[in-house]
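Bear in mind these aren't lab numbers, they're just calculated from the coordinates by the rules spelled out. Note that this is a predicted model, so its numbers are computed, not measured. Note: ideal-geometry Cβ built from the backbone for every residue, glycine included; neighbour counts use all protein chains shown.
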Amino acid sequence: MVRKTGIGQLLIVLVGTAVALVAGYAGFVVVPDLADVSVWSVVFVLTLGFAGLFVSQRIASSLVTPYNAAEVAVEGPITRDGPSGLVPKPGFPAESVVETIETADQDDNVNALVVRLNTPGGQVVPSDDIRRAVAEFDGPTVAYATDVCASGGYWIASACDEVYARDTSLVGSIGVLGSRLNAKEAADNLGIEYERLVAGRYKDAGNPLKETDDEEREYLQSIIDGYYDAFVERVAEGRGMDEDEIRGTEARVYLGDEAVDEGLVDEVGTYDDVEEHVEELIGEEPRIHEFTPVRSFREQIGGVGGALAYSFGAGVASVLDEKKFEGVDGFDFRLR
């Protein structure tokens, strides 16, 4: 991706620093007492030079803005706080993203927002928090889907004024997944017995150590349906589509061109196309600056661990011959 910076700002800094150095040299020549003290003369000139650099940077920042549009990325599974637990699992912190979008919105230099999306989705409420921050941004917004923009990712994208995707991007998956582990039989075999002590009929609904009856299953399904209704409503509102059209996608994912046909994407193109469109929106050459969330040390370690785990898994998969597994149960492709 191309990040354009202002040449004018660099020129101001260079000129300001040069003026300060010349002034320092002139001061050294004018002050005869320092003429024979080489160390102090160097210190004198360098001090003025650094002072000129600092002042010229401040002036350049105020006169020549290095950017006029913002970009915020959402990458990986969407969670509330990012990597968590004793062994951090991969996750993208929604709260940090919201704060980043709000920071960009409060920046007077930012006239448009590009939301770069490469995520399979994640938790419902954190995804909605990011969507709300995008919807409340004061200015035009453009979503750019790269590899995957599915489920919670598309929940966010639907809040943007326009959605761009690559022709090979996977877009959609407008649905909600809920599942539970049924370990009742395994617990029985191990001699583990679940003793139920609850206050409220559905307090332990979905507990993996007991069978789920029809009423509990209906109750849990109603929660999933409620989330789905909210998802459909938000997408329909953001995309200006009928809710039945959204439900007709049946939570499928589409390649870029297919997503355009379904009304989920406006244009298929590259990042250069997005930049050109931003130029049309703001009426000047776009200088897009990526605003990044401030990540804690733990989150950074979690991100590195996730990348290493992915690389290890990819390496193992590349060594194995897939023909060896033809017809073997348990090996299938799932989009989550």
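Quick one: compute the contact order of segment 114-173, relative version, from alpha carbon pairs under 8 angstrom and 6+ residues apart, as a percent. The partial results should precede the final answer.
Numbers: 121 pairs, mean separation 24.8, N = 60.
Over segment 114-173, the number comes to 41 percent.
For segment 178-237, calculate the relative contact order in percent as a whole number, restricting contacts to Cα pairs under 8 Å that are 6 or more residues apart.
Details: 30 pairs, mean separation 20.4, N = 60.
Result for segment 178-237 is 34 percent.
On full extension of the chain, what length is gained from Ala186 through Asp147, given 0.36 nm per residue of separation minus the C-alpha to C-alpha distance? Intermediate values should be presented prior to the final figure.
Details: separation 39, 0.36 × 39 = 14.04 nm, distance 3.89 nm.
Between Ala186 and Asp147, full extension yields an extra 10.2 nm.
Where does each of Ser158, Ser96 land when they are ranked from fewest to most other beta-carbon atoms within 10 angstrom? List each step's numbers first, then the result.
Working: Ser158 23, Ser96 17.
So the residues, fewest neighbours to most, are Ser96, Ser158.
Points 7 angstrom from Cα along the Cβ direction at Glu280 and Glu211: gap in nanometres?
6.1
With the cut-off at 1.5 for a/c, could you classify segment 130-257 from its C-alpha gyration tensor as rounded, prolate or oblate? Please list the in-between numbers first.
Values: a/c = 2.90, a/b = 2.34, b/c = 1.24.
Prolate shape, in that a/c is at least 1.5 and a/b is the bigger ratio.
Of the options Ala187, Leu197, Val171, report the single residue whose Cα projects farthest towards the positive end of the charge dipole of segment 136-221 (beta-carbon charges: Lys, Arg +1; Asp, Glu -1).
Value: Ala187.
Modelling each spin label as a point 7 Å along the Cα-to-Cβ direction, I'd like the Gln221/Asp272 distance in nm, to one decimal.
About 5.1 nm separates the two model spin labels.
For a test of the definition: using alpha carbon positions, the gyration tensor, and the 1.5 limit on a/c, classify segment 178-237 as rounded, prolate or oblate. Don't skip to the answer; put the middle values down first.
Numbers: a/c = 3.97, a/b = 2.35, b/c = 1.69.
Prolate shape, in that a/c is at least 1.5 and a/b is the bigger ratio.
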